[in-house]
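Below you'll find the structure I mean.
The values are calculated or read from the model by the stated rules, or taken from the named source; none is laboratory data. Please read these numbers as outputs of a predicted model, since none were measured by experiment. Using ideal geometry, Cβ is built from the backbone for each residue, glycine included, and neighbour counts are taken over all protein chains shown. Surface accessibility is based on the protein's heavy atoms, side chains included, excluding ligands, DNA and RNA. Shrake-Rupley method; radii C 1.70, N 1.55, O 1.52, S 1.80 Å.
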Amino acid sequence: MDYSYIPISNLQLLLSIILVLLTGLVSAFMQLGLLKSLLWGTIRAFLQLTIIGYALTFIFAVNKLYIIIPILLLMAFVASREASRRVDKAPESPLLISFLSLTASTFVVGLIVVMLIITPEPLYSARVMIPIFGMILGNSMNGIALALDRMYSEIHAHIEEIEELLALGASPWEAVQDYMKAAVKSGMTPTINSLMVVGLVSLPGMMTGQILAGMDPQNAVRYQFVVMIMIAAAVAIGCLLIVLLSYRKLFTEDQALIEALYQK
Amino acid sequence: MSRVLEFQDIRKSFDQGAHYLSASGYVDQGEVLLIRGPSGAGKSTLLKILARLIRPDQGMIYWEGQPYRAVDPALWRRKIHYVPQKAVMFEGTVLSNLQTPFRLSSMSDELRFDQEAALKYMELLGLHPDMLEQQAGTLSGGESARVALIRALLIQPQVLLLDEPTASLDDERRDLLLQVLVQWLKEDDKRAILMVSHNAEDIKSLPFYRVLEVSMHKGAE
Ligand SMILES: Nc1ncnc2c1ncn2[C@@H]1O[C@H](COP(=O)(O)OP(=O)(O)OP(=O)(O)O)[C@@H](O)[C@H]1O
Ligand SMILES: [Mg+2]
């Protein structure tokens, strides 16, 4: 694969500060008070990306499973922390179940993509696995956060119906199944919608990157297609897992709703 | 007379133990136990505890001598059945609402939805048969309350836990409802009713009852 990409020199990188100045002007002009955050954000983005750049160079060079797997798990952990931070209605922190759902869905789908579809040499190539798993995690993270948030809002909004169904003899699953379905659906919908418009509204970041890096568009499109259906599959599995895992915790051993659900 | 439901030293605390509800009592076959007490006393909470919709902090409940832990919760809730203060109607018609419990997997096979019985109860409670096709969401408060009661009667509970069943009804409908309940008790001598009521008129229409006063205690616990 000889990609004829155009490198960015140090001088050119320095010139990109013009863009930061433009952003700063908007903030100053509208008195948004964002200058400090903008400055801090720019510095952080630069430092984080630089460190990641060196780290990836090192990891790709070593390319051993005992480095790749802990890194993938760390990525899954960071993603699950972010997902559970966004769900404020949960009676207890969903960190652990988020981690389990994200890890399971990401590994199942990621391994199918890497081992069966892309098949790099050697099979466990960090250069392939880390970006692929990263893309899956980023999207699944959004999906499970949406699904969990929806699940708890539905339950809060329908607590009397759930209680009535239980009183009429419903099993816990029968009492909440409509809301569980709505939750999984809400987690999956953005991904499915993005399948409809991809390429029409905007070119996805990954494809843009590959084209800029010199890959011919035909090939970039193939990659992008695989990536999109892979994301859809991972989001679906992740949302299903997180909803099933949280469902258990909604009920007491006496099959009544846990009290914390009545509080908020 | 034998004891249908008995509860001993039920305790449930609120506001991290600042208040607590404590109650003991029983109801025998054919009896009505009236639950009374000021607003916020914990009457609804007590009924929900007896229906196993809320777990008490402590206390025991026995149904015909069996401790509640020994009975499947879904069966318990159908047999010792709670009808809430504010009737809950699901999406769909009144007919579909009456059929809801019969779509649940725990419903035993012998018990089928009986439209004749539904229509009979509707007539007794002053509801027009055409109402079966009406969207349940459009019912008035008093209509919903009666539909909810019919739904409860159709699943053939043994003990009805009624939370202010007459609150949204005028005098005439209230009398109809109480007559239906008294008749329901007589049809099978194993049955019993626990009923929350603030209404003195309710009591006049009941031929036999006992009263349990409930109050919220201030508590260091
Ligand atoms: N889930 C809950 N969380 C916190 N407090 C609750 C909860 N449910 C009930 N309470 C409180 O418990 C107390 C008893 O409530 P309950 O509904 O049982 O009273 P009640 O006797 O039925 O009153 P009313 O006659 O107004 O219906 C009230 O102070 C209520 O605010
Ligand atoms: Mg009440």
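Would you pull out the residues with amide H under 5 Å of B:Gly219's amide H, same chain only if 5 or more places away, H placed 1.01 Å from N?
Result for B:Gly219 returns B:His19, B:Tyr20.
Taking θ as phi - 60°, what are the ³J(HN,Hα) couplings along region B:9-20 by the Karplus curve (6.51, -1.76, 1.60), each to the nearest whole Hz, with x for Gly and Pro?
6, 5, 9, 8, 9, 10, 6, 6, x, 5, 10, 8
Between A:Leu49, A:Leu25, A:Leu137, which gets the highest mean-square fluctuation from a Gaussian network model of chain A, Cα cutoff 10 Å?
Taking springs between Cα atoms under 10 Å, the residue moving most is A:Leu25.
Net charge within 11 Å of B:Ser44 by Cβ-Cβ distance, Lys/Arg positive one each and Asp/Glu negative one each, not counting B:Ser44 itself?
Numbers: positive: B:Lys43, B:Lys48, B:Lys86; negative: B:Asp163, B:Glu164.
Around B:Ser44, the charge tally is +1.
Using the Cβ atoms and a cut-off under 14 Å, what net charge is assigned to the surroundings of A:Ala175, where Lys and Arg are +1 and Asp and Glu are -1?
Numbers: positive: A:Lys181, A:Arg248, B:Arg52, B:Arg77, B:Arg78, B:Arg103; negative: A:Glu154, A:Glu160, A:Glu161, A:Glu163, A:Glu164, A:Glu174, A:Asp178, A:Asp254.
Around A:Ala175, the charge tally is -2.
Enumerate the amide H contacts of B:Asp114 below 5 Å, restricted to partners 5 or more residues apart or on another chain; note that Pro and chain-start residues carry no placed amide H.
Under 5 Å from the amide H of B:Asp114: no residue qualifies.
What does DSSP give for the protein assembly as shown in terms of the percent of beta bridges that are antiparallel, rounded to the nearest 5?
Details: 21 of 38 bridges.
If I count the DSSP bridges inside the protein assembly as shown, around 55 percent turn out antiparallel.
Treating only the Cβ atoms of Lys and Arg (+1) and Asp and Glu (-1) as charged, compute the dipole magnitude of the protein assembly as shown about its Cα centre; round to the nearest 20 debye.
Working: 41 positive and 47 negative charges, 364 e Å.
Computed about the Cα centre, the dipole is about 1740 debye.
Which residue fluctuates the most in chain A, going by a Gaussian network model with Cα springs under 10 Å, if the choices are A:Leu15, A:Leu47, A:Leu100?
Result for chain A, Cα springs under 10 Å: A:Leu15 fluctuates most.
Among the GluC sites (Glu not before Pro) within region B:2-79, which fall in a DSSP loop and have no more than 15 other Cβ atoms within 10 Å of their own Cβ? All intermediate terms of the calculation are to be shown ahead of the outcome.
Numbers: sites: B:Glu6, B:Glu31, B:Glu64; in loops: B:Glu31, B:Glu64.
Passing sites in region B:2-79 are B:Glu64.
So, one more: How about region B:94-176: which GluC sites (Glu not before Pro) there are in a DSSP loop, with at most 14 other Cβ atoms within 10 Å of their Cβ? Provide the component values of the computation, followed by the final result.
Values: sites: B:Glu110, B:Glu116, B:Glu123, B:Glu133, B:Glu143, B:Glu172; in loops: B:Glu110.
Loop-located and lightly packed - B:Glu110.
Considering only B:Pro165, B:Pro101, B:Pro38, give the residue with the highest GNM mean-square fluctuation for chain B, with springs between Cα atoms whenever their separation is below 10 Å.
B:Pro38
Continuing with the same structure: Quick one: of B:Lys43/B:Lys120; B:Lys79/B:Lys120; A:Lys181/B:Lys86; B:Lys86/B:Lys218; B:Lys48/B:Lys86; B:Lys79/B:Lys186, which pairs are farther than 19 Å apart, Cα to Cα?
On the way: B:Lys43/B:Lys120 31 Å; B:Lys79/B:Lys120 21 Å; A:Lys181/B:Lys86 27 Å; B:Lys86/B:Lys218 27 Å; B:Lys48/B:Lys86 13 Å; B:Lys79/B:Lys186 17 Å.
Exceeds cut-off: B:Lys43/B:Lys120; B:Lys79/B:Lys120; A:Lys181/B:Lys86; B:Lys86/B:Lys218.
What accessible surface, in Å², does a 1.4 Å probe find on B:His198, ignoring ligands, DNA and RNA and rounding to the nearest 10?
120
What figure, in Å² to the nearest 10, do you get for the accessible area of A:Val184 with a 1.4 Å probe and non-protein molecules left out?
My reading of the accessible area for A:Val184 is about 30 Å².
What does the charge dipole of chain A about its Cα centre add up to, to the nearest 20 debye, if the Cβ of each Lys and Arg holds +1 and the Cβ of each Asp and Glu holds -1? Spell out each step's value before the answer.
Numbers: 15 positive and 17 negative charges, 207 e Å.
With only Lys, Arg, Asp and Glu charged at Cβ, the dipole is about 1000 debye.
Counting Lys and Arg as +1 and Asp and Glu as -1, what is the net charge of the other residues whose Cβ lies under 14 Å from the Cβ of A:Val20?
Working: positive: A:Lys36, A:Arg44; negative: none.
That works out to +2.
How many square angstrom of accessible surface are buried between A and B, both sides summed, with a 1.4 Å probe and rounding to 100?
Values: alone 16290 and 11000 Å², together 25310 Å².
So the total buried area for this chain pair works out to about 2000 Å².
In whole Hz, with x marking every Gly and Pro, tabulate ³J(HN,Hα) for region B:90-102 from phi via Karplus 6.51 cos²θ - 1.76 cosθ + 1.60, θ = phi - 60°.
Values, residue by residue: 8, 4, x, 7, 4, 4, 4, 5, 5, 7, 3, x, 7 Hz.
I'd like to verify something in chain A: which complete DSSP H helices, judged by Cα projection on the helix axis, reach 24 Å or more and average at least 1.6 on the Kyte-Doolittle scale?
Working: long enough: A:35-62 (40 Å, 1.46); A:65-86 (32 Å, 1.18); A:126-157 (46 Å, 0.74); A:172-197 (38 Å, 0.05); A:217-248 (47 Å, 1.48).
Qualifying helices: none.
Over all distinct Cα pairs, what is the inverse of the mean 1/r for chain B, reported as the Kirkwood hydrodynamic radius in Å? Each step should come with its number before you reach the end.
Numbers: mean 1/r = 0.0555 Å⁻¹.
Averaging 1/r across every pair of different Cα atoms and inverting gives 18.0 Å.
For region B:132-221, state which trypsin sites (Lys or Arg not before Pro) are in a DSSP loop and have at most 14 other beta carbons lying within 10 Å of their beta carbon. Working shown, then result.
Values: sites: B:Arg146, B:Arg151, B:Arg173, B:Arg174, B:Lys186, B:Lys190, B:Arg191, B:Lys204, B:Arg210, B:Lys218; in loops: B:Lys190, B:Arg191.
The qualifying sites are B:Lys190.
Please give the FRET efficiency for A:Ala157 paired with A:Val108, using the beta carbon to beta carbon distance and R0 = 41 Å, rounded to the nearest 0.05.
Numbers: r = 32 Å, r/R0 = 0.79.
Between A:Ala157 and A:Val108 the formula returns 0.80.
Something else about it: At q = 0.06, 0.11, 0.12 Å⁻¹, what log₁₀ I(q)/I(0) does a Debye calculation on the Cα points of the protein assembly as shown give, no solvent, two decimals?
Log-scaled intensity ratios, in q order: -0.44, -0.94, -1.04.
May I ask you to rank A:Ser4, B:Ser140 by accessible area, largest first, using a 1.4 Å probe over the protein chains only?
Numbers: A:Ser4 90, B:Ser140 55 Å².
My answer, sorted largest first, is A:Ser4, B:Ser140.
Over the protein assembly as shown, give the accessible area per residue in Å² for a 1.4 Å probe, as an integer.
Details: 25310 Å² over 485 residues.
Accessible area per residue, the protein assembly as shown: 52 Å².
Now, a different point. Which value results for Rg/Rh of region A:64-263 when Rg is the Cα radius of gyration and Rh the Kirkwood radius based on the inverse mean 1/r?
Details: Rg = 19.2 Å, Rh = 18.1 Å.
Taking Rg over the Kirkwood Rh, I get 1.06.
List the aspartates and glutamates whose Cα lies under 18 Å from the Cα of A:Lys185, skipping any in the same chain that are fewer than 8 positions away.
Cross-link targets: A:Asp149, A:Glu154, A:Glu174.
If the chain between A:Ser27 and A:Asn219 were fully stretched, how many nm would it gain, using 0.36 nm times the residue separation less the Cα-Cα distance?
On the way: separation 192, 0.36 × 192 = 69.12 nm, distance 4.04 nm.
Gain in length upon complete extension: 65.1 nm.
Ordering A:Tyr152, A:Tyr66 from largest to smallest accessible area (1.4 angstrom probe), what's the sequence?
Details: A:Tyr152 15, A:Tyr66 160 Å².
The residues order as A:Tyr66, A:Tyr152, largest area first.
Kindly write out, for region B:76-88 in residue order, the coupling ³J(HN,Hα) from the Karplus curve 6.51 cos²θ - 1.76 cosθ + 1.60 (θ = phi - 60°), rounded to whole Hz, with x marking Gly and Pro.
Working through the residues one at a time gives 3, 5, 7, 7, 10, 9, 8, 10, x, 4, 10, 4, 9 Hz.
Can you list the residues, at least 5 places off or on another chain, whose amide H is less than 5 Å from the amide H of B:Thr93, using H built in the peptide plane?
B:Ala136
Would you mind checking the tilt of helix B:141-154 against the longest principal axis of the Cα atoms of chain B, expressed as 0 to 90 degrees and rounded to 10?
90
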